[in-house]
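Okay, structure first, notes after.
Derivation of every value follows stated rules applied to the coordinates shown; laboratory data play no part. None of the values given here were measured: they were computed from a predicted structure. Quick reminder, even Gly has a Cβ in these numbers, built from the backbone with ideal geometry, and neighbours come from all protein chains shown.
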Amino acid sequence: MTHLLGVDRGGAALVLAPGVYAPQSDTFLLADALGREPLRPGAEVLDVGTGTGALALTAARRGARVTAVDSSWRAVAATRLNAVLARRRVRVLHGDLLDPAMGRRFDLIVCNPPYVPAPHARPPRRGAAVAWDAGHDGRAVLDRICDGAAELLNPSGALLMVHSALSGVGATLERLQGAGLDAAVVERRLVPFGPVLRSRRKWLERRGLIAPGEDKEELVIIRADRA
């Protein structure tokens, strides 16, 4: 199943699986934010949509007790393998977004969800695009995370989430605040369009999501605290 090698933010090798989202600019931006979190030893951390496990391992290296979730069995296998290779303990669960962690509470939730606006209204059920396509407005998964995260947070716990400004930063903040969380943008970064956005440039222009000739995407890190 696995045959590629990548690296996480710290430069450690990761085994990648075909069809599983490899660490990219959004992963690294979120990993940097995670690195600044004041995690106590033994803090409970949930990584939603773990992919190769890069963020889960970042938290585990800091002494956190990490649970990682993904809907892809390939991602689950890749994360389990990467945890073994890194000699870190990570509990890896298969399932849909927050569902496998229901009934538990965490000090920190990290999430790099699918958020790319797509010509198809419904997100794909299979294939590599599951990791990025999220409906016409890019919010098919974001809204579910916003609505459900508070229930899984300990008092004073927090959600760290990355997504594109194309998906509606204001909508995310309003949704999180409506769920009882104190939410704010804590970092922004411009990155060049990747292959997916380059292939959709004309469609994005027609939708009014980008200006003609625009070739950079703004990524945001949103932090939402439970009071």
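Structural remarks
- Residues Glu187, Glu174 in ascending order of nearby Cβ atoms (within 10 Å, fewest first): Glu174, Glu187.
- Zone of Arg91's modelled label, taken as backbone nitrogen in segment 139-176 under 15 Å from a point 7 Å along Cα→Cβ: 152-154
- Taking amide H atoms as placed 1.01 Å from N in the peptide plane, the amide H of Leu97 lies under 5 Å from those of Ser71, each 5 or more residues away in sequence or on another chain.
- Length-normalised contact order of segment 4-226 in % [C-alpha pairs under 8 Å, at least 6 apart]: 17
- Sorting the segments 158-170, 203-215 by their residues' average number of neighbouring beta-carbon atoms within 10 angstrom, most packed first, yields 158-170, 203-215.
- Taking other C-beta atoms within 10 Å as the exposure proxy, Tyr21, Tyr115 rank Tyr21, Tyr115 from fewest upward.
- Answer label, with P(r) over Cα pairs in 10 Å bins from 0, in percent calculated from the coordinates and candidates (1) 8, 35, 38, 16, 2; (2) 7, 33, 34, 19, 7, 0; (3) 7, 28, 26, 19, 15, 5, 0: (1)
- In terms of surrounding Cβ atoms within a 10 Å radius of their Cβ, Phe193, Phe28 rank from fewest to most as Phe193, Phe28.
- Selection from Leu160, His120, Leu14, by position along the positive dipole direction of the chain (Cβ): Leu14
- Projecting the Cα atoms of Ala149, Ser72, Ala183 onto the dipole axis of the chain, where Lys and Arg carry +1 and Asp and Glu carry -1 at the beta carbon, places Ser72 farthest toward the positive end.
- Placing pseudo-labels 7 Å out from each Cα toward the beta carbon at Gln177 and Lys216 gives an inter-label distance of 2.8 nm.
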